Amino acid sequence: MDGLIFTKLDEAASLGPVFNQQARTGLPISYFTTGQRVPEDIEEAAAKRLIGGIFKTRNHVHAESVTT
C-alpha cells in the first residue's frame, strides 16, 4: 500500500502544506513524526491532528505554550 509520511511536524508553522501534498497526490497520509526519537515520535496520521495543525500558526503555538 502506498501512503505519505510527514516528518518534523513539531517544526512546522502550519500543516497546510501537508494537506496540499495529499490533495495533489491523492495518496493517504499514513504517519507523522513529531520529534527526534524514533520510534517513540512516530504516530499514525489522524484527521483531527491534521485539521488542528492546518489552522494553527507558529505564533499561536508559542502563545499556548506560554499560557499553559
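Count Lys and Arg as plus one, Asp and Glu as minus one, and take only other residues whose Cβ is under 13 Å from that of Thr33; the net charge is then -3.
Label zone of Ile51 (point 7 Å out along Cα→Cβ, amide N under 20 Å): in region 13-41 this covers 14-24, 26-32. Going 7 Å from the Cα of Ile5 along its beta-carbon direction, which residues of region 26-54 have the amide nitrogen within less than 18 Å of the resulting point? Residues passing the 18 Å test: 27-46. For trypsin sites (Lys or Arg not before Pro), the sites in region 1-41 that DSSP calls loop and that have at most 15 other Cβ atoms within 10 Å are Lys8, Arg37. Using all pairs of distinct alpha-carbon atoms, the Kirkwood hydrodynamic radius of region 2-44 works out to 10.8 angstrom.
Here, each number is a calculation from the coordinates, and none is a lab measurement. Note that the coordinates shown come from a computational prediction; the quantities given were computed from them, not determined experimentally. FYI the Cβ positions are ideal-geometry reconstructions off the backbone, even for glycines, and counts take in every protein chain you see.
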